[in-house]
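Q: Sharing a structure with you now.
The values are calculated or read from the model by the stated rules, or taken from the named source; none is laboratory data. None of the values given here were measured: they were computed from a predicted structure. Note: ideal-geometry Cβ built from the backbone for every residue, glycine included; neighbour counts use all protein chains shown. The protein model used for the area step is the full one, side chains on, heavy atoms only, and it has no ligands, DNA or RNA in it. Shrake-Rupley method; radii C 1.70, N 1.55, O 1.52, S 1.80 Å.
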Amino acid sequence: MSFDFLSILAQWPLLLRGAAWTIGLTALATLFGATLAVAGAWARSQGPRPLGWLVGAYVELIRNTPFIVQLFFIFFGLPELGIRLSPGVASVCAMTINLGAYATEILRAGIEATPRGQIEAAQSLALSRTQIFLHVVLPPALKTVWPALVSQIVIVMLGSAVCSQISTEELSYATNLIQSRNFRAFEAYIVGTLGYLGLAILLRHLLNWAGPRFLFGR
Amino acid sequence: MSATLQAAPAPTAGPVPRGDAGAHTQVGAPILRITALRKSYGAHEVLKGIDLDVARGEVVAIIGKSGSGKSTLLRCINGLEVFQQGSLIVDGRHLLHDNPKAMRELRQGVGMIFQSFNLFPHLTVGQNVMLAPHLVKRRGRAQNAERARALLARVGLSEKFDAMPDKLSGGQQQRVAIARALAMDPAIMLCDEITSALDPELVGEVLRVVESLADEGMTLLMVTHEMSFARKVADRVIFMHQGLVHEMGPPETIFGAPQTPELRQFLGLMEGSAA
Ligand SMILES: Nc1ncnc2c1ncn2[C@@H]1O[C@H](COP(=O)(O)OP(=O)(O)OP(=O)(O)O)[C@@H](O)[C@H]1O
Ligand SMILES: [Mg+2]
């Protein structure tokens with residue numbers, strides 16, 4: 001039995017392109033998904049009741065259905081309604097909606113852990129409800145739940161492999177393509193695996209560094 | 001009927017406003033006027049008709065047993081609690097619970113210090129002091145920082161501007177909380193047992209700051225178990241009992257010649273626990 005990793009690595013432009021897609025999808029989904037989660041967590045913890053219920057329904061719907069079904073619905077289902085999305089856009093949408101739901105629940109737990117006294121202190125200082133949420137409640141909540149949030153983002157990044165199913169040309173798509181060309185499945189998937197491993201570790205480090213720096217202070 | 005003494009001071013008998021508080025004094029108008037205030041939690045009535053006027057620059061100490069409604073009264077004054085009946089006017093503004101804008105305006109004039117400090121843990125000491133003036137008063141960056149440094153110097157913490165709250169002792173945190181409240185230029189300060197969570201050796205540094213505020217003419221309403229401090233600093237002492245102002249008067253009278261058996265019993269208890 002002999003291994004031939006060189007013939008896989010020779011395809012580096014394809015692999016690099018795939019990795020770039022994975023990074024791009026994850027970056028956009030994180031940005032939009034986190035924003036969605038902040039809005040969702042606000043609605044669930046202090047927004048108007050009906051809005052809170054609506055968000056609750058969304059969270060339950062997403063958390064109790066497979067990601068691949070969500071993705072297929074967006075890519076194959078929505079065109080029935082005249083909404084036709086490219087594979088890339090559909091992937092970002094599916095990942096955003098997916099991350100948004102999980103992150104809403106994660107963030108809500110952090111928000112509800114805010115000591116009552118801090119909110120009362122902010123009220124006494126004449127801050128408005130919105131100011132209290134953005135400046136007093138949200139930063140410590142993000143800090144509390146950051147490890148859980150980072151894990152969830154990594155899960156979504158790894159889950160983006162599924163997007164190859166609608167021919168989004170991300171890392172696992174590239175890996176599949178290479179092994180279908182040279183039938184070196186073993187080597188191809190080892191390289192693909194190492195690629196995901198590297199990206200996941202990098203992403204974790206990046207987020208652990210960026211959170212305290214830009215979002216919630218030391 | 002209890003022997004409630006409604007000895008609201010006549011305007012002329014009120015304490016003379018001291019220091020810079022005199023600048024915007026309307027002579028005679030109380031800075032705080034509470035009329036027939038009633039507050040219940042469900043069926044449990046906690047405040048049963050409070051009438052209280054506080055003059056500008058006056059220092060009022062509120063004493064009374066646990067559960068007598070002291071905290072509830074203080075929290076009604078800046079709208080942290082909603083009351084069902086009566087009226088409350090701070091610095092000419094009626095307290096209107098259902099009007100967020102009016103509430104924010106009223107609260108700008110009312111500073112509050114809590115037993116548990118309640119600093120914002122993710123912000124530095126300086127940022128804690130600057131947050132509300134920045135967001136609410138739109139105070140400019142440079143001016144805000146300068147003011148925060150001056151206030152921190154005033155409470156003896158000028159070197160802690162960039163420190164995080166959790167690196168400070170309880171006494172230091174409470175002094176930051178005082179600076180934070182002062183940064184909004186309140187007309188009246190509410191203090192709810194602000195030394196109760198402190199180790200005994202840290203109580204003095206906080207009380208000294210409060211005393212200096214009193215000396216500079218700040219209107220103070222403080223719930224306290226520090227009887228000797230109340231006696232020394234207060235112009236007037238209010239004894240609350242079962243949701244009512246039960247007895248009220250200058251500290252010499254309240255501590256020296258208590259009129260009601262309830263107050264006598266309370267003071268006896270306090271002496272017992274202090275010994
Ligand atoms: N959020 C609440 N819900 C229901 N009852 C409450 C609430 N807050 C206070 N109470 C009740 O109201 C009464 C007065 O409470 P309050 O905290 O004002 O007393 P206090 O005089 O400040 O006592 P302490 O010296 O222990 O601080 C008590 O009987 C208390 O149990
Ligand atoms: Mg109390």
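Q: Quick one: which of B:Val223, B:Val233 is more than 16 Å from ligand 2 (Cβ to nearest atom) and either without any contact (Cβ under 8 Å) to a residue 40 or more places away in the chain or of a type in the set (A, V, I, L, M) (or both)?
A: B:Val233
Q: A follow-up question, please. For B:Ala102, all conditions in the list (1) closer than 26 Å to B:Lys70 by Cβ; (2) out of contact with any His (no Cβ under 8 Å at 6 or more places or on another chain) hold save one; what is the number of the exception?
A: (2)
Q: Right, another one. With the structure loaded, tell me whether B:Asp166 is more than 16 Å from ligand 2 (Cβ to nearest atom), within 12 Å of another protein chain (Cβ to nearest Cβ) and at positive phi or whether it fails that test.
A: no
Q: Still on this structure, please answer the following. Could you give every pair whose Cβ atoms fall below 7 Å, whose first residue belongs to the stretch B:154-170 and is under 27 Å from B:Glu216 (Cα atoms), and whose second residue is among the acidic types (Asp, Glu) and open to solvent by 20 Å² or more (accessible area, probe 1.4 Å), counting only separations of at least 6 or pairs across chains?
A: Close Cβ pairs (under 7 Å, with a partner that is among the acidic types (Asp, Glu) and open to solvent by 20 Å² or more (accessible area, probe 1.4 Å)) amount to B:Gly170/B:Asp199.
Q: Give the stretch A:60-83 a look and list any residue that's charged (D, E, K, R) and within 18 Å of the chain's Cα centre (by Cα), or say none.
A: Of everything in the stretch A:60-83, those that are charged (D, E, K, R) and within 18 Å of the chain's Cα centre (by Cα) turn out to be A:Glu60, A:Arg63.
Q: Check whether at least one residue in the stretch B:257-265 is within 16 Å of ligand 1 (Cβ to nearest atom), among the charged types (D, E, K, R) and open to solvent by less than 10 Å² (accessible area, probe 1.4 Å), and report yes or no.
A: No, that holds for no residue.
Q: Further question on the same structure: Looking at the stretch B:70-88, which of its residues are away from chain A (no Cβ under 14 Å) and more than 21 Å from B:Asp235 (Cα to Cα)?
A: Taking the stretch B:70-88 as the starting set, the residues that turn out to be away from chain A (no Cβ under 14 Å) are B:70, B:73, B:83-88.
Hits for the stretch B:70-88 are B:Phe83, B:Gln84, B:Gln85, B:Gly86, B:Ser87, B:Leu88.
Q: To continue, here is another question. Which members of the stretch B:45-69 meet the condition of being more than 15 Å from ligand 2 (Cβ to nearest atom) and either open to solvent by 10 Å² or more (accessible area, probe 1.4 Å) or within 14 Å of chain A (Cβ to nearest Cβ) (or both)?
A: Across the stretch B:45-69, the qualifying residues are B:Glu45, B:Lys48, B:Gly49, B:Asp51, B:Asp53, B:Ala55, B:Arg56.
Q: Output the number of residues of the stretch B:233-275 satisfying the condition of being more than 19 Å from B:Leu220 (Cα to Cα) and part of a strand (DSSP E or B).
A: Summing the residues that are more than 19 Å from B:Leu220 (Cα to Cα) and part of a strand (DSSP E or B) in the stretch B:233-275 gives 3.
Q: Here's a follow-up. Which members of the stretch B:105-152 meet the condition of being polar (S, T, N, Q) and either assigned to a loop (DSSP other than H, G, I, E, B) or more than 8 Å from chain A (Cβ to nearest Cβ) (or both)? Let's see the steps before the verdict.
A: Of the stretch B:105-152, the ones polar (S, T, N, Q) are B:108, B:115-116, B:118, B:124, B:127-128, B:143-144.
Result: B:Gln115, B:Ser116, B:Asn118, B:Thr124, B:Gln127, B:Asn128, B:Gln143, B:Asn144.
Q: Next question. Condition (residue is under 18 Å from the mean Cα position of the chain (by Cα) and more than 12 Å from ligand 1 (Cβ to nearest atom)) applied to the stretch B:41-51: is it met by at least one residue? Before you say what the answer is, go through the steps one by one.
A: Within the stretch B:41-51, the first condition is being under 18 Å from the mean Cα position of the chain (by Cα), and the residues that meet it are B:47, B:50-51.
Now restrict to residues that are more than 12 Å from ligand 1 (Cβ to nearest atom): B:51.
The answer is yes, given that some residue of the stretch B:41-51 is under 18 Å from the mean Cα position of the chain (by Cα) and more than 12 Å from ligand 1 (Cβ to nearest atom).
Q: Please work out which residue is farthest from ligand 1 (Cβ to nearest atom), limiting yourself to the stretch B:173-207 and to residues that are within 18 Å of B:Leu131 (Cβ to Cβ) and over 15 Å from the mean Cα position of the chain (by Cα).
A: B:Ala183
Q: Mind counting the residues in the stretch B:122-164 that are within 22 Å of B:Leu202 (Cβ to Cβ), touching an Asp or Glu at 6+ places or on another chain (Cβ under 9 Å) and surrounded by fewer than 18 Cβ atoms within 10 Å (Cβ to Cβ)?
A: Counting residues in the stretch B:122-164 that are within 22 Å of B:Leu202 (Cβ to Cβ), touching an Asp or Glu at 6+ places or on another chain (Cβ under 9 Å) and surrounded by fewer than 18 Cβ atoms within 10 Å (Cβ to Cβ) gives 1.
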